[in-house]
Amino acid sequence: GAGVSQSPSNKVTEKGKDVELRCDPISGHTALYWYRQSLGQGLEFLIYFQGNSAPDKSGLPSDRFSAERTGGSVSTLTIQRTQQEDSAVYLCASSLGPGLAGGPSTDTQYFGPGTRLTVL
Amino acid sequence: AQKVTQAQTEISVVEKEDVTLDCVYETRDTTYYLFWYKQPPSGELVFLIRRNSFDEQNEISGRYSWNFQKSTSSFNFTITASQVVDSAVYFCALSEPPLGGKLTFGQGTILTVHP
């Protein structure tokens, strides 16, 4: 079956512009995660959606970052007023979820190919 | 706090050599999950294995094997008879249910297998 898809695969933008990154999870997966991979910081968690629960935004680095998930499926990560330090590969993952008694998902996360963002 | 350490930044071997990638983790929870992912030059993270904290059985899958030892908080990964296609960055990761299942990754080990 189809895996996690992300678009665009590459995005080049100018400092100060807004960007939107899209993630389409595996069909039937209720949990969706965004991570960022950069040279200096490695792989870091950004935000987590589980079903209709309030998202866990604890990893978002600043209020310029936001994400939404419409209809429990597709997610969009928005970065406003981009800065050069936002340059990174943004990875999306999904998992079956939820966990025991409807709690957080502990299932294996499957990753998309990522969006490489370059801020000039 | 949760932490994953992959002390080996880069490893270089010649084809057919065995190689072990080390992973040490820190957690306060008794229930947790450990993962290994492979990131080939194409960039996509590929899932390799998932183990829960209650299952210390070692696992073998083809040329891959994993040694999970709670006593030393380690989850090491061995590739037997390495091949050029094994060249990639390998990440160890930790997931703790109380934290919502998000993954904490190690810094990764770059493995280069020379022909």
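The values are calculated or read from the model by the stated rules, or taken from the named source; none is laboratory data. What you are looking at is a predicted structure, and each value in this text was computed from that prediction instead of being measured. Ideal geometry is used to build each Cβ from the backbone, glycine not excepted, and the neighbour counts take in all protein chains shown.
What do you reckon, is B:Tyr25 touching a Gly at 6+ places or on another chain (Cβ under 9 Å) and of a type outside the set (Asp, Glu)?
Working: touching a Gly at 6+ places or on another chain (Cβ under 9 Å): yes; of a type outside the set (Asp, Glu): yes.
Considered against the rule, which asks whether it is touching a Gly at 6+ places or on another chain (Cβ under 9 Å) and of a type outside the set (Asp, Glu), B:Tyr25 comes out as yes.
Given the criterion among the small types (Gly, Ala, Ser) and either modelled with pLDDT under 90 or in contact with a Gly (Cβ under 7 Å, 6 or more places away or on another chain) (or both), identify the matching residue among A:Ser9, A:Ser53.
Going through A:Ser9, A:Ser53 in turn, just one is among the small types (Gly, Ala, Ser) and either modelled with pLDDT under 90 or in contact with a Gly (Cβ under 7 Å, 6 or more places away or on another chain) (or both): A:Ser53.
Being of a type in the set (A, V, I, L, M) and within 16 Å of B:Leu21 (Cβ to Cβ) is the filter here; which residues of region B:86-115 pass it? So that I can check it myself, show each step before the final result.
Restricting attention to region B:86-115, the residues satisfying the condition of being of a type in the set (A, V, I, L, M) are B:88-89, B:93-94, B:99, B:103, B:110-111, B:113.
Of everything in region B:86-115, those that are of a type in the set (A, V, I, L, M) and within 16 Å of B:Leu21 (Cβ to Cβ) turn out to be B:Ala88, B:Val89, B:Ala93, B:Leu94, B:Ile110, B:Leu111, B:Val113.
Would you mind listing the strands (runs of 3 or more DSSP E) fully within region B:64-109 where at least 2 residues are more than 8 Å from chain A (Cβ to nearest Cβ)? Spell out how you get there, then give the answer.
Working: elements: B:64-69, B:74-79, B:88-95, B:103-105.
In region B:64-109, the matching strands (runs of 3 or more DSSP E) lie at B:64-69, B:74-79, B:88-95.
Quick one: which residue in A:Ser38, A:Ser75 is modelled with pLDDT under 95 and within 17 Å of A:Pro113 (Cβ to Cβ)?
When all the criteria are applied, what remains is A:Ser38.
Can you tell me which residue is surrounded by the most Cβ atoms within 10 Å (Cβ to Cβ) among those in region A:83-120 that are among the acidic types (Asp, Glu) and at pLDDT 90 or above?
Pass one, region A:83-120, residues among the acidic types (Asp, Glu): A:85-86, A:107.
Adding the requirement that they be at pLDDT 90 or above leaves A:85-86.
On the way: A:Glu85: 12, A:Asp86: 21.
Within region A:83-120, the match that is surrounded by the most Cβ atoms within 10 Å (Cβ to Cβ) is A:Asp86.
Select from region B:39-59 the residues that are exposed (fewer than 14 other Cβ atoms within 10 Å of the Cβ) and either of a type in the set (Phe, Trp, Tyr) or in contact with a helix residue (DSSP H, G or I) (Cβ under 7 Å, 6 or more places away or on another chain) (or both) and write down the one among them that is modelled with the highest pLDDT.
B:Phe54
Given region A:6-66, what strands (runs of 3 or more DSSP E) lie entirely inside it while holding 1 or more residues that are within 14 Å of chain B (Cβ to nearest Cβ), on the phi > 0 side of the Ramachandran plot and crowded, with 19+ Cβ neighbours inside 10 Å?
Working: elements: A:10-13, A:19-24, A:31-38, A:42-50.
Strands (runs of 3 or more DSSP E) meeting the threshold: none at all.
If a residue must be in contact (Cβ under 8 Å) with a residue 12 or more places away in the chain and either closer than 25 Å to B:Gln6 by Cα or more than 13 Å from the chain's Cα centre (by Cα) (or both), how many such residues does region A:31-40 contain? Break it down stepwise before answering.
Just the residues of region A:31-40 that are in contact (Cβ under 8 Å) with a residue 12 or more places away in the chain, to begin with: A:31-38.
Pick out the ones that are also either closer than 25 Å to B:Gln6 by Cα or more than 13 Å from the chain's Cα centre (by Cα) (or both) and you get A:33-38.
Looking only at that region, the number is 6.
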